[in-house]
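A.B. asks: Starting off with a structure, shown below.
The values are calculated or read from the model by the stated rules, or taken from the named source; none is laboratory data. Nothing here was measured: the structure is a model prediction, and the numbers come from that model. Cβ placement follows ideal geometry from the backbone for every residue including glycine, while neighbour counts extend to all protein chains displayed.
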Amino acid sequence: MKQQIPLVLVFVFGVLLAIQYFVPSEPSQRFYEVALDGLTVIGIFAMVLGIWSQIHVGYNKIKRRAEDWQYSVVTLVSMFGMAFCGLSFMGGLNGPIFRQLYNNIFIPIQAAIFSLLAFYIASASYRAFRARSAVSTVLLVAALLLMLRVIPTGPLADPINQIGSWMLMVPNMAAKRAILIGVGLGSVATALKIVLGIERSYLGKD
Amino acid sequence: MTSKIAMRILTAIVALIFLVSWITRSGSGMSDSAFTNVRDGFLITFAVFLTLSIFSFLYRDNPFYKFAESLYVGISAGYWMSYGFWSTIVGNFVPRASRSLSEFFHVPYQERADHILIYIPIIFGLILLTRLLPKIGWLSRWSLAFIIGATAGLNLTRYLRSDFISQVSNSFIPLFVDWKGAGDFVSHISLAADGQFIAILSNWVIFVGVMCGLVYFFFSKEHKGAFGVASRIGIWILMITFGASFGYTVMGRISLLVGRITFLFGDWLNIL
């Protein structure tokens, strides 16, 4: 029950969804749509697990008065507050308070966190862009060309734009194709291992 | 003790700046309603406070940053909870599940003969929640098995088609475009972007680049001799991609920073 049924389910759904592609018909298309919807719906239940885990960790921290427990209060209050503002009688996703919280808290913090990375990426650029070898010089030139394409460089703008576009469309595409071919092969091999029950780490130990 | 006093002084200064900003922004509001001006003044000041709290991490980890970070975790969890409920449960499940529920949520009911199928994922979803009950937690593996099996089955054809077959077929391209002989090629040679020479060169770079890139990722044979040369060319080609990706990332982050600076100096301080 603990091991065999999950293996059978993985095999059945894996094979059926792989086969449906080769049987272009209405029932097979319907099965495909139901499976995709199913994955989304189960994802919502998985989110419930994640939120429960967040509440559990936060509650325990507050109860034990662990270090920095005050921040768990902030997290839990803001989480419930935001969810409450998203309720039907508050206007749902288009409710005025929900939109205000989204625009004035969620967006500014998110943008600030990501823009914070600009400072760290500056120091990373210094290390990565030092032309210590021919290979790192190629990295430097490619990155510089790409950045120069979008800034005004006067009479140099046209040639830089042309060389930059060619670099993106040709050598960059070649390397991306090599990577994608590798990713494709790896994904197919992993999917086959899972469907055939060779890879079972998702079942846990017992 | 000294650091606690310093922290309290700093908090008081921040609170004072916050208050002054709130009052100033409320006073310079554009709306006729005093309440709207006060509310907008508070919201913009609070957004500034949060932005500066996040930037304070550049100095070191501190309570302001931790506060903003915790607030973000909570707000985003609440946001995704609401979004998931309205877009997936109400938008996807309710219209197919029940007429009365559809009427309650004001969404059009979709009558279908096979609407019973939509309950299967709900059952799997409920089974997933058994993870919260230690005695029957193993049942959640069934739902996990559905997710993993379905994803593996879908990926099997999807990756094979888009990441493998289409990439391989697009890499096998003519290496001599519009070839009418060496004499014609030499007499018409030019560096024009749409010329024959550039077209031939591009196709050679793509074909050789893909092959050499693949050779670099082939670890079952030692990279020596001709194989080593191809592998080194592969590294060069890959470095161009990594450089381009790095350049894009730098530009993306810098533009976000510019956005935040514009917000601080434009929307808040009205200097820009």
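A.B. asks: Has the range B:64-74 got at least one residue that is farther than 28 Å from A:V77 by Cα and part of a helix (DSSP H, G or I)?
C.D. replies: No; the residues of the range B:64-74 include none that is farther than 28 Å from A:V77 by Cα and part of a helix (DSSP H, G or I).
A.B. asks: So, one more: Across the range A:155-178, what is the total count of residues that are charged (D, E, K, R) and more than 27 Å from the chain's Cα centre (by Cα)?
C.D. replies: 1
A.B. asks: Shifting gears a bit: In the range B:220-255, which residue that is of a type in the set (A, V, I, L, M, F, W, C) and over 30 Å from A:I121 (Cβ atoms) is surrounded by the fewest Cβ atoms within 10 Å (Cβ to Cβ)?
C.D. replies: B:A226
A.B. asks: Would you mind telling me which numbered condition in (1) surrounded by 14 or more Cβ atoms within 10 Å (Cβ to Cβ); (2) under 28 Å from B:P95 (Cβ atoms) A:I19 fails?
C.D. replies: Only one criterion is unmet by A:I19, namely (2).
A.B. asks: So, in the range B:135-163, how many residues would count as being surrounded by fewer than 19 Cβ atoms within 10 Å (Cβ to Cβ), under 28 Å from B:C212 (Cβ atoms) and either in contact with a Leu (Cβ under 7 Å, 6 or more places away or on another chain) or within 7 Å of chain A (Cβ to nearest Cβ) (or both)?
C.D. replies: 1
A.B. asks: Just to confirm my filter: which helices (runs of 4 or more DSSP H) fall fully inside the range A:1-111 and include at least 3 residues that are in contact with a Pro (Cβ under 6 Å, 6 or more places away or on another chain)?
C.D. replies: So the answer is A:26-63.
A.B. asks: Give me a count of the residues in the range B:236-272 that are over 16 Å from A:I151 (Cβ atoms), more than 7 Å from chain A (Cβ to nearest Cβ) and assigned to a helix (DSSP H, G or I).
C.D. replies: Within the range B:236-272, residues that are over 16 Å from A:I151 (Cβ atoms), more than 7 Å from chain A (Cβ to nearest Cβ) and assigned to a helix (DSSP H, G or I) number 9.
Rundown of residues vs (1) more than 7 Å from chain B (Cβ to nearest Cβ); (2) in contact with a His (Cβ under 6 Å, 6 or more places away or on another chain); (3) within 30 Å of B:D61 (Cα to Cα), yes/no style:
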{"position": "A:A118", "(1), (2), (3)": "no, no, yes"}
{"position": "A:R127", "(1), (2), (3)": "yes, no, yes"}
{"position": "A:R132", "(1), (2), (3)": "yes, no, no"}
{"position": "A:T137", "(1), (2), (3)": "yes, no, no"}
{"position": "A:I151", "(1), (2), (3)": "yes, no, no"}
{"position": "A:K176", "(1), (2), (3)": "no, no, no"}
{"position": "A:L196", "(1), (2), (3)": "yes, no, no"}
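A.B. asks: Can you give me the number of residues within the range B:63-98 that are in contact (Cβ under 8 Å) with a residue 12 or more places away in the chain and small (G, A, S)?
C.D. replies: So the answer is 3.
A.B. asks: Among the residues of the range A:159-174, write down those that are of a type in the set (G, A, S) and more than 7 Å from chain B (Cβ to nearest Cβ).
C.D. replies: A:G164, A:S165, listed by residue number.
A.B. asks: Could you check A:W52 against (1) surrounded by fewer than 14 Cβ atoms within 10 Å (Cβ to Cβ); (2) closer than 26 Å to B:F105 by Cβ; (3) at pLDDT below 90; (4) facing another protein chain (nearest Cβ under 7 Å) and say which number it fails?
C.D. replies: The failed condition is (3).
A.B. asks: Tell me, please, whether a residue that is surrounded by 15 or more Cβ atoms within 10 Å (Cβ to Cβ), under 32 Å from the mean Cα position of the chain (by Cα) and either modelled with pLDDT of 90 or more or more than 10 Å from chain A (Cβ to nearest Cβ) (or both) can be found in the range B:188-197.
C.D. replies: Among the residues of the range B:188-197, not one is surrounded by 15 or more Cβ atoms within 10 Å (Cβ to Cβ), under 32 Å from the mean Cα position of the chain (by Cα) and either modelled with pLDDT of 90 or more or more than 10 Å from chain A (Cβ to nearest Cβ) (or both), which makes the answer no.
A.B. asks: Name the residue, out of B:G78, B:G27, that is buried (at least 16 other Cβ atoms within 10 Å of the Cβ) and among the small types (G, A, S).
C.D. replies: Within the list B:G78, B:G27, the selection yields B:G78.
A.B. asks: Can we say B:W86 is in contact with a Pro (Cβ under 7 Å, 6 or more places away or on another chain) and either of a type in the set (F, W, Y) or in a helix (DSSP H, G or I) (or both)?
C.D. replies: no
A.B. asks: Something else about it: I want to confirm something. Restricting to the range B:100-120 and keeping residues that are free of Cβ contacts under 8 Å to residues at least 12 places away in the same chain and outside any loop (DSSP other than H, G, I, E, B), which single residue is nearest to A:I44 (Cα to Cα)?
C.D. replies: B:I120
A.B. asks: Might you let me know whether the range B:96-111 holds any residue that is within 21 Å of the chain's Cα centre (by Cα) and surrounded by fewer than 20 Cβ atoms within 10 Å (Cβ to Cβ)?
C.D. replies: No, that holds for no residue.
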